[in-house]
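Derivation of every value follows stated rules applied to the coordinates shown; laboratory data play no part. Because the structure is predicted, anything quoted here is derived from the model rather than measured. Glycine gets a Cβ as well: all are built from the backbone with ideal geometry, and neighbour counts include every protein chain shown.
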Amino acid sequence: VGVFGAAVGGSLAWWWTSADISTVGKVRFADELAVPPLARSTVDRDGTRVFDLRMRAGTTEFRKGVATPTWGFDGSHLGPTLRAKRGERVAVRVRNALDEASSVHWHGMHLPAAMDGGPHQTVAAGSAWTPRWTVDQPAATLWYHPHPHGATERHVRRGLAGMFLLDDEDSERLKLPKTYGVDDLPVMVQDVTFDGAEFDHGHRFLANSGFLGERTMVNGTLDPYAEVRDERVRLRLLNASTARIYTFGFADDRPFALVGTDGGLLPEPASMDRVQLSLGERAEIVVTVRPGERTVLRSYPWRQGNGWERRFDGGDDSFDVLQLRAAERLRPSPAVPARLAADPGLGLPEAGDAVRARHFELRRSGINGRPMAMDRIDRTVTRGTTEVWTLRNAGDMTHNFHVHDAEFRVLDVDGKRPERALRGRKDTVAVPTGSTVRIALRFDGPPDPDIPYMYHCHLLSHEDLGMMGQFVVVEKGRRAGAVPDHAGH
Ligand code: C2O
Ligand code: CU
């Protein structure tokens with residue numbers, strides 16, 4: 001095992017094995033981008049839309065003739081795209097055909113804690129779990145992934161992740177590209193390293209952050225290109241990696257319109273040429289292409305610096321992510337509407353609404369000095385109230401912060417107005433080294449004193465190590481209950 005000196009990012013050290021690095025290379029754009037199928041659903045007599053998801057092990061051919069052991073929902077790797085509309089009742093029959101317990105969390109979904117799919121809603125090997133809820137939030141690009149305590153990184157990296165798209169009346173009316181798989185593409189970006197046929201689960205990693213792969217894949221396609229037949233295409237970018245932060249932009253620096261963030265559409269589009277996504281964050285962008293051209297979506301090193309500006313091959317932390325191949329004749333697309341979300345306030349609270357302030361000190365060893373404990377409720381919040389949370393990273397590595405159930409407003413970053421990509425509905429935000437981020441959240445319940453939601457760093461190895469806390473939402477004047485014992489569930 002060779003040790004690559006601690007030359008970058010101060011105290012961070014790089015390790016790699018003696019495995020050959022000839023696999024490090026440019027993306028060849030040889031394979032058509034896989035688009036996860038839309039999940040089929042049935043509608044019950046009471047109007048509930050019912051989905052089925054089966055977690056299972058299998059093998060996937062990322063490279064011709066090489067079978068890689070993977071996990072997936074329904075298929076062998078990743079999962080279908082679930083789609084539902086605001087106001088609909090949904091149920092998902094989750095079956096676990098793996099040989100170990102897991103769970104399925106609906107990241108960004110506003111729903112009762114018992115349906116959340118966090119570490120308390122474990123689905124034992126061979127068993128099933130059917131959460132039900134009513135979709136009660138704006139159109140958005142959400143996703144789902146396992147959340148078993150201490151094992152989330154491993155489960156996600158093996159392939160358990162998928163998108164969950166929500167629509168509403170506004171989004172259906174708006175003239176944005178919206179034909180799934182045609183001019184509206186899911187773009188789930190993950191980084192990966194192969195060790196022979198298998199995924200390398202950590203021989204080469206940046207010790208402090210968790211696993212950093214030597215290349216990216218999109219929707220499980222290693223060398224992806226997408227044929228574009230329309231003048232404008234909407235990309236639903238999701239950072240589904242476990243540790244790496246991306247700064248997306250096009251190789252020719254063309255501007256694109258940012259139309260949505262984690263929790264839904266912006267009030268108006270924002271023209272930009274780079275958008276940074278930390279773990280679990282989403283951005284919806286609309287890009288315009290010219291007939292016959294090829295353009296490449298790349299990821300650039302993060303300008304704030306995050307300790308991993310350099311890759312294992314010594315190059316900077318840049319990746320070719322996805323090539324768009326425009327047809328010679330493009331169907332015209334309407335211009336991006338000047339107004340998007342109907343509510344300019346996005347349904348988010350303001351700092352002035354807050355009845356309570358809380359502080360969170362982020363360190364890899366835990367939040368506010370305590371590692372996660374399954375049987376400890378860390379915070380009790382009152383249903384219907386707004387709080388301001390101050391997230392402080394005084395440590396020496398980047399973290400981010402994700403809150404279950406509530407989309408939030410980013411109030412400021414180091415006292416300054418947040419950049420445009422942070423002004424929408426958010427459920428996850430980067431908290432770089434040395435910085436302070438303030439967010440305003442409102443907890444709309446439903447109340448449940450006994451079943452907690454999570455807040456945590458979404459660098460999954462940090463989460464697994466205990467950078468997570470639990471909160472319950474209660475009616476005014478009520479206390480938190482006791483977390484039920486889920487041992488052996
Ligand atoms: Cu995307 Cu608590 O997770
Ligand atoms: Cu972290």
If you place +1 on the Cβ of every Lys and Arg, -1 on the Cβ of every Asp and Glu, and leave all else neutral, what size is the dipole of the chain about its Cα centre, to the nearest 20 Debye?
480
What does the net charge come to around H149 if you take all other residues with beta carbon closer than 10 Å to its beta carbon, with K and R at +1 and D and E at -1?
-2
For K426, which aspartates and glutamates qualify as cross-link partners when the Cα separation must be under 12 Å and same-chain residues fewer than eight apart are set aside?
D262, E281, D405, E407
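Excluding G108 itself, calculate the net charge of residues whose Cβ lies under 12 Å from the Cβ of G108, where each Lys or Arg counts +1 and each Asp or Glu counts -1. Present the calculation step by step, with values, prior to reporting the outcome.
Numbers: positive: R282, R425, K426; negative: D116, D262, E281, D405, E407, D427.
Result for the local shell: -3.
Largest first and in whole Å, give the semi-axes of the range 420-489's equivalent ellipsoid, each being the square root of 5 times a Cα gyration tensor eigenvalue. It would help to have the intermediate numbers written out before the result.
Working: eigenvalues 138, 72, 20 Å².
Equivalent ellipsoid of the range 420-489: 26, 19, 10 Å, largest first.
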Quick one: if you stick a label point 7 Å off each Cα along the C-beta vector at E172 and S365, how many nm between them?
5.3
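Mind putting a number on the dipole of the range 295-452 about its Cα centre? Charges go on the C-beta only, +1 for Lys and Arg and -1 for Asp and Glu, and I need it in Debye to the nearest 20. The partial results should precede the final answer.
Details: 26 positive and 23 negative charges, 82 e Å.
Dipole magnitude for the range 295-452 comes out near 400 debye.
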5 angstrom amide H check on H399, placed H, neighbours 5+ away:
V431, T433
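With r defined as the distance between the Cβ atoms of R331 and R420 and R0 fixed at 35 Å, what FRET efficiency is calculated, to the nearest 0.05? Each step should come with its number before you reach the end.
Details: r = 29 Å, r/R0 = 0.83.
That pair, R331 with R420, gives E of 0.75.
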Ranking V156, A283, W129 by how far each Cα lies towards the positive end of the charge dipole of the chain (+1 on Lys and Arg Cβ, -1 on Asp and Glu Cβ), the top one is A283
What residues qualify as long-range amide H neighbours of G108, i.e. H under 5 Å apart, gap of 5 or more or another chain, H built at 1.01 Å from N?
D405
Can you say what percent of the DSSP beta bridges in the chain, counting only those with both residues inside, are antiparallel? Round to 5.
70
Along the positive direction of the dipole of the chain (beta-carbon charges: Lys, Arg +1; Asp, Glu -1; about the Cα centre), which of L422, G469, S318 reaches farthest?
L422
Cα-projected label distance for D46 with R229, points at 7 Å along beta-carbon direction, nm:
4.2
Going by a ≥ b ≥ c, the root eigenvalues of the Cα gyration tensor, does the range 138-253 fall in the rounded group (a/c under 1.5), the prolate group (a/b larger than b/c) or the oblate group?
prolate
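How much length is gained if the chain between D412 and V66 is pulled fully straight, taking 0.36 nm per residue apart and subtracting their Cα-Cα distance, in nm to one decimal? All intermediate terms of the calculation are to be shown ahead of the outcome.
Numbers: separation 346, 0.36 × 346 = 124.56 nm, distance 4.78 nm.
Here the answer is 119.8 nm.
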At R0 = 30 Å, how high is the FRET efficiency between R93 and A342 if r is their beta carbon distance? Nearest 0.05 is fine.
0.35
Under 12 Å from the Cα of K178 - aspartates and glutamates, other chains or at least 8 residues apart:
D167, D230, E284
Any aspartates and glutamates with Cα under 18 Å of the K416 Cα? List them, leaving off those in the same chain fewer than 8 positions away.
E350
For the range 33-173, give the magnitude of the charge dipole about the Cα centre (Cβ charges: +1 Lys/Arg, -1 Asp/Glu; no others), in debye to the nearest 20.
440
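Take every DSSP beta bridge with both residues inside the range 18-168 and express the antiparallel ones as a percent of the total, to the nearest 5. Walk me through the numbers before you get to the answer.
Values: 24 of 37 bridges.
Percentage antiparallel, nearest 5: 65.
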